[in-house]
Amino acid sequence: MEKILAIACDHGGYELKNAIIEQLKEKGIAYKDFGCYSTASVNYPDYAKVLCESIQSGECYRGILVCGTGIGMSIAANKHRGIRAACASDAFSVKYTRMHNDSNVLCLGGRVVGIGLGLELADIFINTEFEGGRHQARVDMIAEIEKSEAAK
Ligand code: RB5
């Protein structure tokens with residue numbers, strides 16, 4: 001089955017999201033765009049929620065969220081079970097959050113990174129694999145924290 005990348009933004013990330021979509025098209029990467037679809041003001045938690053739910057359901061395997069800073073999206077995304085969202089604005093962090101944290105959502109700040117760097121970071125996020133091994137045990141520990149929090 002084809003792996004589908006989820007992508008969504010708020011108004012602050014609209015321009016970068018569109019640029020990333022163009023890059024995905026050029027590279028023939030399957031994606032699903034969960035909005036928003038203009039620069040009209042919207043609420044980023046709504047978009048974090050639909051994107052995270054698409055990963056939880058298995059419809060999409062990983063996702064990219066873009067807002068003004070990337071921070072609001074990452075805070076909202078990390079409230080979802082099984083979501084490991086990383087807000088990053090440098091290549092090293094994006095590479096290692098995939099390799100070590102198995103991050104399944106990348107949050108970018110459209111007003112922070114701009115188009116050129118944003119495209120590079122999206123590319124690294126898509127093309128870097130989790131290393132597993134000792135890092136799997138740590139990711140499992142995060143899941144345990146999530147479970148114990150849910151039980152409170
Ligand atoms: C919207 O103005 C802005 O607050 C949002 O895009 C994001 O940066 C929130 O974290």
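List of remarks:
- Hits in the range 24-53 - residues which are under 13 Å from the mean Cα position of the chain (by Cα) and acidic (Asp, Glu): Asp33, Glu53
- Take the conditions (1) of a type outside the set (S, T, N, Q); (2) open to solvent by less than 60 Å² (accessible area, probe 1.4 Å); (3) free of Cβ contacts under 8 Å to residues at least 40 places away in the same chain; Arg84 misses just one of them, which is (3).
- Boolean, Ala86 is within 17 Å of Tyr31 (Cα to Cα), in contact with a helix residue (DSSP H, G or I) (Cβ under 6 Å, 6 or more places away or on another chain) and more than 14 Å from the ligand (Cβ to nearest atom): no
- Scan of the range 25-46 for residues that are open to solvent by less than 60 Å² (accessible area, probe 1.4 Å) and more than 16 Å from the ligand (Cβ to nearest atom), ordered by number: Ile29, Ala30, Asp33
- In the range 6-24 there is at least one residue that is outside any loop (DSSP other than H, G, I, E, B), open to solvent by less than 10 Å² (accessible area, probe 1.4 Å) and among the charged types (D, E, K, R).
- Restricted to the range 54-69, and to residues there that are farther than 19 Å from His11 by Cβ and over 12 Å from the mean Cα position of the chain (by Cα), the residue that is nearest to the ligand (Cβ to nearest atom) is Gln56.
- Residue in the range 95-104 that is near the ligand (Cβ under 10 Å from one of its atoms), hydroxyl-bearing (Ser, Thr, Tyr) and either more than 21 Å from Ile29 (Cα to Cα) or open to solvent by less than 20 Å² (accessible area, probe 1.4 Å) (or both) present: no
The values are calculated or read from the model by the stated rules, or taken from the named source; none is laboratory data. As the structure is a computational prediction, the values presented were derived from the model and not from experiment. Ideal geometry is used to build each Cβ from the backbone, glycine not excepted, and the neighbour counts take in all protein chains shown. In case anyone asks, the SASA skips ligands and DNA or RNA and just uses the protein heavy atoms, side chains included. Shrake-Rupley method; radii C 1.70, N 1.55, O 1.52, S 1.80 Å.
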